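Novice: After the structure tokens below, expect a handful of questions from me.
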Amino acid sequence: MLKKKSENTVSEKIDFSDNDSLRGLLGEHDKNIRLIEKLEPVNLNIRGNTLCITGNQVSAHLIRNLCTQLHAIVRKGYPLFPSDVEYAHRMLSEDGTTDLEKIFLDTVFISSKKRTITPKSIAQKQYIDAIRHADMVFGIGPAGTGKTYLAMAMAVSALLEKKVNRISLARPAVEAGEKLGFLPGDLAEKVNPYLRPLYDALFDMIDFDRASALIHKGVIEVAPLAFMRGRTLNDSFVILDEAQNTTPEQMKMFLTRLGYGSKAVITGDVTQIDLPAEKTSGLVQAEQLLCKTEGIRFIHFSELDVVRHPLVQDIIRAYNHLDQRKRFRTNGQQQT
């Protein structure tokens with residue numbers, strides 16, 4: 001129902017028949033409703049089972065679409081969190097025809113903490129589908145877009161469903177700008193700081209004791225990229241993280257390790273290359289060489305796909321603008 005309030009203000013009403021799912025939509029102490037009012041210039045009021053939305057026509061229509069779709073997925077058992085409301089609003093703001101159900105109800109994995117892992121953006125959904133259907137997938141984009149985390153979830157799911165026999169996780173051991181100097185300890189202790197993010201994601205999905213046992217048995221391997229040389233990985237799910245810091249030679253070495261019955265996911269952020277300035281990134285070169293190769297998929301993420309603190313999205317956008325200005329100045333100087 002659409003009722004005109006004034007020249008610029010309209011009121012829309014949604015009638016809900018299911019009290020339980022309506023409470024799930026509203027959130028504890030109406031937390032989700034208050035959040036929606038911060039995301040769009042609208043006022044929301046609940047009268048019985050009716051939600052009244054008042055605001056300008058564009059915002060009111062957007063929030064009606066948002067609440068209707070969120071209510072539908074809550075009715076199907078999805079536990080709605082405030083962060084989900086933000087991600088859903090972001091997607092519908094970009095494309096009002098987005099089907100939230102196809103994204104939020106696409107269960108990738110249920111972690112040991114009983115938390116359901118699902119895609120939170122259109123690009124994440126495309127990424128998950130690409131991993132399901134292609135043997136080699138590149139996920140390229142800024143930090144916080146879930147590239148490594150979702151790849152890890154897909155790998156653990158494939159292992160537990162016996163689709164693969166092992167998981168191999170690799171990362172180039174490149175210092176991120178700082179000179180750390182000599183690191184004490186044996187080889188494992190020296191490279192462990194570089195691999196810590198992979199361990200963090202793994203332990204978030206499998207309880208520590210079980211993950212440690214699988215690592216001890218060699219079913220799950222977390223190793224620096226150099227350890228992949230000379231091997232053929234059959235029936236494996238292989239993940240290369242921080243691939244922007246590989247050299248072309250390292251990237252070629254890694255990509256040619258793939259054996260029968262295996263999948264490879266390569267993730268990286270080409271805006272955070274820590275190689276010396278004269279070195280070409282293996283990830284950049286790989287996209288140039290393989291972007292049209294059948295059976296290989298490239299999925300690109302942007303700041304719209306960030307699933308960390310909302311400020312991270314603004315930070316990435318600011319740095320992107322800085323890089324664009326630098327490129328513009330450089331191109332201008334070259335032309336003159």
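The values are calculated or read from the model by the stated rules, or taken from the named source; none is laboratory data. These numbers were taken from a predicted model, which means no experiment stands behind them. A quick note on method: Cβ atoms are made from the backbone with ideal geometry, for glycine too, and the neighbour counts reach across all protein chains shown. Each accessible area value is taken on the protein alone, full model and side chains, heavy atoms only, with ligands, DNA and RNA left out. Shrake-Rupley method; radii C 1.70, N 1.55, O 1.52, S 1.80 Å.
Novice: If the only charges are +1 at each Lys and Arg Cβ and -1 at each Asp and Glu Cβ, what is the size of the charge dipole of the stretch 19-173 around the Cα centre, to the nearest 20 debye? Each step should come with its number before you reach the end.
Specialist: Numbers: 21 positive and 15 negative charges, 114 e Å.
The calculation lands at about 540 debye.
Novice: Ok, one more. Quick check: the angle from helix 57-75's long axis to the longest principal axis of the chain, C-alpha only, nearest 10 degrees?
Specialist: The angle comes out at about 70 degrees.
Novice: Right, next: For the stretch 136-144, take each phi angle, set θ = phi - 60°, evaluate the Karplus expression 6.51 cos²θ - 1.76 cosθ + 1.60, and give the result in whole Hz per residue in order, putting x for glycine and proline.
Specialist: Result, rounded to whole Hz: 9, 10, 9, x, 10, x, x, 4, x.
Novice: Enter the mean projected area of the convex hull around the alpha-carbon atoms of the stretch 63-103, in nm², rounded to one decimal.
Specialist: Numbers: hull surface 10.3 nm².
Answer in nm², one decimal: 2.6.
Novice: Any idea what the dipole of the stretch 105-170 comes to, in debye rounded to 20, about its Cα centre with Lys/Arg Cβ at +1 and Asp/Glu Cβ at -1? Each step should come with its number before you reach the end.
Specialist: On the way: 10 positive and 4 negative charges, 56 e Å.
Here the stretch 105-170 has a charge dipole of around 260 debye.
Novice: Run the numbers on the chain and let me know its relative contact order in percent, using alpha-carbon pairs under 8 Å that are six or more apart.
Specialist: Worked out over the chain, it gives 17 percent.
Novice: Under a 5 Å amide H to amide H cut-off, with H placed in plane at 1.01 Å, what residues pair with residue 168 once short-range neighbours are removed?
Specialist: The answer is 221, 237, 238, 239.
Novice: Taking Cα pairs under 8 Å and at least six residues apart, what relative contact order does the stretch 1-137 come out at, in percent?
Specialist: Working: 175 pairs, mean separation 26.3, N = 137.
After rounding, I find 19 percent.
Novice: Right, another one. What are the ³J(HN,Hα) couplings of the stretch 86-103, residue after residue, when phi is run through the Karplus curve with 6.51, -1.76, 1.60 and θ = phi - 60°? Round to Hz, x for glycine and proline.
Specialist: 5, 5, 5, 4, 4, 5, 5, 5, 6, 8, x, 8, 4, 9, 4, 4, 5, 8
Novice: Counting other Cβ atoms within 10 Å of each Cβ, which GluC sites (Glu not before Pro) in the stretch 246-322 have at most 12 and sit in a DSSP loop? Let's see the in-between values first.
Specialist: Values: sites: 249, 278, 287, 294, 303; in loops: 278, 294.
Those satisfying the criteria are 278, 294.
Novice: Let me ask something else. To one decimal place, what orientation-averaged projected area in nm² is obtained for the convex hull of the Cα set of the stretch 207-279? Mind dumping the intermediate values first?
Specialist: On the way: hull surface 23.9 nm².
Here the figure is 6.0 nm², rounded to one decimal.
Novice: Mind listing the phi-derived Karplus ³J(HN,Hα) values for the stretch 276-291, rounded to whole Hz, using 6.51, -1.76 and 1.60 with θ = phi - 60°, and x for any glycine or proline?
Specialist: Along the stretch 276-291, the couplings run x, 4, 7, 8, 7, 6, x, 5, 4, 5, 4, 5, 5, 7, 10, 4 Hz.
Novice: Tell me, which longest segment in the chain has none of the trypsin sites (Lys or Arg not before Pro) that fall in DSSP loops with at most 16 further Cβ atoms within 10 Å?
Specialist: Values: sites that count: 5, 76, 113, 114, 115, 162, 163, 179, 229, 231, 279, 292, 308.
Longest stretch, sites excluded: 6-75.
Novice: For the chain, what is the accessible area per residue in Å², given a 1.4 Å probe and the full set of protein chains?
Specialist: 54 Å²
Novice: Something else: Whole-Å semi-axes of the stretch 62-174's equivalent ellipsoid, largest first, each the root of 5 times a Cα gyration tensor eigenvalue? Could the numbers behind the result be given before it?
Specialist: On the way: eigenvalues 151, 55, 31 Å².
Values for the stretch 62-174, descending: 27, 17, 12 Å.
Novice: Something else now. State, in angstrom, two size descriptors of the stretch 1-96 derived from its alpha carbons: Rg to one decimal place and Dmax to the nearest whole number.
Specialist: Final numbers for Rg and Dmax: 12.5, 40 Å.
Novice: Over the chain, with every protein chain in place, what whole percent of the accessible area is carbon and sulfur at 1.4 Å, could you tell me? Walk me through the numbers on the way to the answer.
Specialist: Details: 9330 of 18080 Å².
Exposed carbon and sulfur together represent 52 percent of the surface.
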